[in-house]
Amino acid sequence: MDGEVKKQKKHQQKHSGPKAEKKKLKKPGGSAEEDERKRNPKAFAVQSAVRMAKTFHRAQDIKTKKHHIPLVDRTPLEPPPIVIVVVGPPKVGKSTLIRCLIKNFTRQKLGDICGPVTIVSGKKRRLMFMECNNDINTMIDLAKVADLVLMLIDASFGFEMETFEFLNICQVHGFPRIMGVLTHLDSFKNNKSLRKTKKNLKHRFWTEVYQGAKLFYLSGMVYGEYQTQEVKNLGRFISVMKFRPLVWQTSHPYVLVDRMEDLTDPEKIRTDPKCDRTVSLYGYLRGAHLKNKGQVHIPGVGDFQVSDVNFLPDPCPLPDAQKKRALNEKERLLYAPMAGVGGVVYDKDAVYIDLPASHVNRLQEEVRPTTELVQSLIETHATLDTKMAASKVSLFSGSATLDPTDIGEETREQHGLKEESVWDPTSQRERRKVIFTEEDDDVSGESESEEDDDGEGSDQAVDDVEHSQADCKDKAAGGAPPAKKQKGEARRTESSAELPAFADSEDDLELNEEEGETGTPGDSGHSSEEEADEESEDESTEDEGSVSEDLGKRHSERESDEEEEQGALKWKEGLQQKAAEAFLRQQAAAPNLRKLVYGSVVEAQESEEEEEELGGLFRVSRPQQSKKVQANTLDCSRFHPDTFHNWDVEEMLDSIRDCFVTGKWEEGHDAATLLKQDEELYGDFEDLETGEVHMSHAENSENHDDEDDGDEEIQVKMDDDEVQKNKRLEKKRRLKERFDAEYDDGDATYFDDLKEEMQKQAELNRAAFEDMDDESRVQYEGFRPGMYIRVEICSLPCEFVTNFDPHYPIILGGLGSSEGNIGYLQMRLKKHRWYNRILKTKDPLIFSLGWRRFQTIPLYHIEDHNGRHRLLKYTPQHMHCGATIWGPITPQGSGFLAVQSLTGVKANFRIAATGVVLDLDKSVTIVKKLKLIGYPFKIFKNTCFVKGMFNTVLEVAKFEGAAVRSVSGIRGQIKKALSSPTGAFRATFEDRLLMSDIVFLRSWYPVSVPQLYNPVTSLLLPAGQKDSWAGMRTLGQLKRDLGIHNQPNPDSLYKPIVRAKRHFNPLHIPKELQKALPFKSKPKQQQPKGKTPRDLQRPSVIREPHERKVAALLQALSTVHNYKRKKAHSVQHAKHKEFLQQKEKDEESKLKRQREAKKKLYRVMGQMDQKKQRSSLKGAPKDD
């Protein structure tokens, strides 16, 4: 055993499965299947054409079933938050699930779930959670606006009626995405029963929603919350889920209100508490574009006119809309104003900041405000010149930074800046004049020096205005005392060492803009997007273009250095340049007048020559100079000192001469050159099929004219011709490729073409107003979906504000142009199969149609084969019928549902009927059957006179020729009216009538639809009673409530039928007939039995007393004997029964033994037969 080595098991490589497939693909030879197909193609050929056709058809059917009708994608670039409605019966865990999902996405805990809760779930998606309570009004309203429904089901109890009610509501109003969530799974102790319950609930859920609908399982709770991993999985599914646009939602604008403010004058409320209120409602706009001054419907309140709409900054913005790409804890990830969470709340003219108590305590400890402006005012430790001295400037991206001292020395050495104090008599003050020394060499020539001189003059002119404005400001502010200046200088080192988190002043912001992306400590990173674009696109041009600003800043920095050396009393020397800088800042920060007046600004485009003049080193591409509308361009009403030029100088005129037609353009852009190129491009061409080249006449003439040119020129021209020829060939090739791509579609189908068309339409819709700013765009197309808007509505009932409950949703549903009108609607209606009562005509029903919930009186009818719409008294079972109502005009094809009562919670299914709108006019006439009865008063052979059916001759004349009928079934026709009695007429019949017959005429009478439209105002009810709205009662409810009993018609009551006994005469057969009858049928002449004579009657026997005693004794003995015999018989019967049972058992055991014996016998016989077979197959033995 020791010598034997244990053999290791060989590794078995996988020949099938995903791992083996990956290895086959990695091999250089490719997959083995392809080799086999190449090696033996016949083995993989089609074996049966019929089977292949069936397989192909099945695959195509499956592929086609997956197709949806492609719709134009109208979702905006920044879509509104996805509305997630959490639905379920009471105590199933709705609020707990919302809290867990909010904690999963935002790491924050929310106490009471009131109203919509908006959170940021990722870089591209926001979610809005809304809890749906058990009120059917809330269920109907939220089903219309939901994008995703989380349907909670108590697994320990099973499906409840609320779940099926909500599913049916969703089916009517456009089916949103639905995900089921099973809770209370921890109540199952047995694993087998848990699995069985899950399977049953899942298949029932699939029956109601669709096969394969997602059903989540929340197995249990830990410390009052669901398990983290399960909530995370649910959150992942929600984050990546795609939504199909619903027709009603995409065609109507709507707002799920997340905040409500009462704007009514308090004095008006004090004097009249019941006055109508002016209310502003806030929320994200969804669906279609909303126009101002439109009409909206608030479900549960009514129709209203919008008085004003504004769009506000997004209170819960997406992270990619900001500069930072990653989500951090300080961003507003959770916004729920009705629940008291939200941070900053924007209004039309104000911003409200809600600081919780814990936040306030922390702020008091740190004493650091959160806004940049307040902190910059509080923590200003250094003055302007100190900050300028500490700042560093980088002229080009990636270059070394320059200190103020270096810049000062360079400016002194290169430009030779000097200062001279000059007294200005006009302004009565001493002014500091900058003198430029001309000792240095002029590299750029004479023209450049002249332009610099002109720039100095313009800067000096600007300094006058700037300095005067700065002086005015200083006088108004009272100026800064010298002592404070010294204190500031003593702390310069500290301020330069510790820089603030964001800029302490506007100067720092300017420095940050100049530095760009160099990452200096003073960069706050809070600049706007447009400023960031300008920095990135023309960073170098800005640095070169702002020469006067740089010079001024260098000069101020040099002055600040001198102040440090000479003391604090020379602070006045830098005032002129500081005033210039302040003026420039004021110009940059002042509002754009063009934008304020006209609402849009066209960007001023600079020529390329101006860039050359300012930069001189390189040309920068400027995409923002295209035909886009910029919001912060220069205003024509404002003077900018850098744009001033002296146009009397010849060099300045030369710089813009090329902007005109007469100027000398570049070779590629000259007018003559372009005309020549056009002639060459379109004059001659090459036929690609024949290869023949057709030359233009102009080119031929040129060739004849230029034959005498030198060889070098001919060579250059040939090269140009070759280049042009290649260009033309490339252009034709591209055109041919485009043509082929358009018409040679290959595998493209009609469905693909439809999808491509919808995609193009969606791109066109997005690009229509893409370049406009929001204020101008809103005036053209209205407020687009995704905006956070503020809607102001006047004349709202005061109960809406006083009885406001955030647990009930407020929806602003936009109405179309004709949807505010009320008229007749034709519908197709079917009583719900789960509703246990049939519906009666003219009983009031509460309809949910479009955005509205209203009560009306429907008339049910059915269309006969001849097109007549016959009134029905009750709705038919399991069949559609027509219905006509008086209600709001709603587009055709809109689904609706009907309930009989909204009050309380019913034990049974509440949805009474569902259907769809067919028509919007009163073209259908509903008629009901009317029977007119008459009586004949004079009868002839086939003609009779009838009275009592009509009252006047005119009525008879109207019904001449009408068909009448008698009760016995004889048909007839009305002929003509009689003169007397009034209303009588002559009629002809198929047969003779009797005087006891009744004649009736069957006619059709038009029925008018009752004009009742009673909107459900459930939101106006007090809190706690919003589910108890009661409208018009049915006739049965009225009689039941008032205790009224029906008074029946006496003729309609059932009476006992009393029939008199009929006496028939005896049958008399004549004697002749009796003779002819057979004996069997002849009447037998039987004598009636008479009385027995007295002598034949037997006499009665009267016993003696002794005989009576003997008879009684014998009777008693016989009774005892009979009882004993009966008892013995029953005992014998019981014994016999037991005997039979025992016998049956014995028989069974006997049969069992026989079966076992037979089995053994047959087994032995079978074995013997097998042995014989084996021996016969092997052959006879050798002994034989």
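The values are calculated or read from the model by the stated rules, or taken from the named source; none is laboratory data. These numbers were taken from a predicted model, which means no experiment stands behind them. For neighbour counting, all protein chains shown are included, and Cβ atoms are generated from backbone atoms with ideal geometry for every residue, glycine included. Just so you know, the surface numbers come from the protein's heavy atoms only, side chains and all, with ligands and any DNA or RNA stripped out. Shrake-Rupley method; radii C 1.70, N 1.55, O 1.52, S 1.80 Å.
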Subject >> With 10 Å bins from 0: P(r) over region 205-274, alpha-carbon pairs, percent >> reply: 13, 20, 25, 18, 14, 10, 0
Subject >> Residue list for region 133-152, given a label point 7 angstrom along the Cα-to-Cβ vector of Trp834 and an amide N cut-off under 19 Å >> reply: 133-144, 149-152
Original post:
What number, in percent, do you get for the relative contact order of region 929-1006 if the mean sequence gap of Cα pairs under 8 Å and at least 6 apart is divided by its residue count?
Top reply: 42
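If packing is taken as the mean number of other Cβ atoms within 10 Å per residue, what is the order of 722-734, 1060-1072, highest first?
So the peptides 722-734, 1060-1072, ranked by packing, come out 722-734, 1060-1072.
Sort region 929-1006 into rounded, prolate or oblate with this rule: let a ≥ b ≥ c be the square roots of the eigenvalues of the Cα gyration tensor; rounded if a/c is under 1.5, and if a/c is not under 1.5, prolate when a/b is larger than b/c, oblate otherwise.
On the way: a/c = 1.68, a/b = 1.18, b/c = 1.42.
Taking the square roots of the gyration eigenvalues as a ≥ b ≥ c, region 929-1006 is oblate.
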Original post:
In square angstrom, rounded to the nearest 10, how much accessible surface does Leu575 have for a 1.4 Å probe?
Top reply: 40
**OP:** Taking H placed 1.01 Å from N in the peptide plane, check which residues at least 5 places from Glu225 or on another chain put their amide H under 5 Å from its amide H.
**Re:** none
Original post:
Tally Lys/Arg at +1 and Asp/Glu at -1 over every other residue whose Cβ is under 10 Å from the Cβ of His252; what's the total?
Top reply: +1
Original post:
Is region 1070-1129 rounded, prolate or oblate when judged by the Cα gyration tensor, a ≥ b ≥ c being the square roots of its eigenvalues, rounded requiring a/c under 1.5 and prolate requiring a/b larger than b/c?
Top reply: oblate
Original post:
If you count, for each residue, the other Cβ atoms within 10 Å and average over each peptide, how do 9-17, 768-776 line up from highest to lowest?
Top reply: 768-776, 9-17
Original post:
In a shell of Cβ-Cβ distance under 15 Å around Glu990, excluding Glu990 itself, what net charge do Lys and Arg (+1) and Asp and Glu (-1) give?
Top reply: +3
Original post:
Ignoring ligands, DNA and RNA, what accessible area per residue does region 929-1006 give at 1.4 Å, in Å²?
Top reply: 62
**OP:** On the protein heavy atoms, probe 1.4 angstrom, tell me the percent of accessible surface of region 929-1006 carried by carbon and sulfur.
**Re:** 54
Original post:
Under a point spin-label approximation (7 Å from Cα along Cα-to-Cβ), what is the Gln8-Ile69 distance to one decimal in nm?
Top reply: 6.7
Original post:
What is the packing order of peptides 37-46, 1096-1105, taking the mean over residues of other C-beta atoms within 10 Å and listing the highest first?
Top reply: 37-46, 1096-1105
Original post:
In sequence order, what are the phi-derived ³J(HN,Hα) couplings for region 1141-1152 according to the Karplus relation 6.51 cos²θ - 1.76 cosθ + 1.60 with θ = phi - 60°, rounded to whole Hz, with x for glycine and proline?
Top reply: 4, 5, 5, 5, 5, 4, 4, 5, 4, 5, 4, 5
Original post:
So who's got an amide H within less than 5 Å of the one on Ser894, skipping anything under 5 residues away but keeping other chains? H placed 1.01 Å off N, in plane.
Top reply: Val917
Original post:
Given H placed on each backbone N at 1.01 Å, which residues far from Ile889 in sequence or on other chains put an amide H within less than 5 Å of it?
Top reply: Asn821, Ile822, Gly823
Original post:
Between Glu730 and His203, what FRET efficiency follows from the Cβ-Cβ distance if R0 is 60 Å, with the result rounded to 0.05?
Top reply: 0.45
**OP:** Using θ = phi - 60° and the Karplus relation 6.51 cos²θ - 1.76 cosθ + 1.60, list the HN-Hα couplings for region 1063-1080 in order, rounded to whole Hz, with x at every Gly or Pro.
**Re:** 9, 9, 5, x, 6, 10, 10, x, 5, 5, 5, 5, 5, 6, 6, x, 4, 4
**OP:** Just reorder Cys794, Cys881 by solvent-accessible area, largest first, 1.4 Å probe, all chains present.
**Re:** Cys794, Cys881
Original post:
How much net charge surrounds Val917 when only the other residues with a Cβ under 13 Å from the Cβ of Val917 are counted, with Lys and Arg +1 and Asp and Glu -1?
Top reply: -1
Subject >> Integer Hz, Karplus 6.51/-1.76/1.60 couplings in order for region 769-775, x for Gly and Pro >> reply: 10, 5, 8, 9, 6, 4, 5
**OP:** Report the accessible area of Phe56, computed with a 1.4 Å probe over the heavy atoms of all protein chains in place, in Å² rounded to the nearest 10.
**Re:** 120
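How much accessible area per residue does region 165-322 have, in Å², with a 1.4 Å probe?
Values: 7590 Å² over 158 residues.
Heavy-atom accessible area per residue stands at 48 Å².
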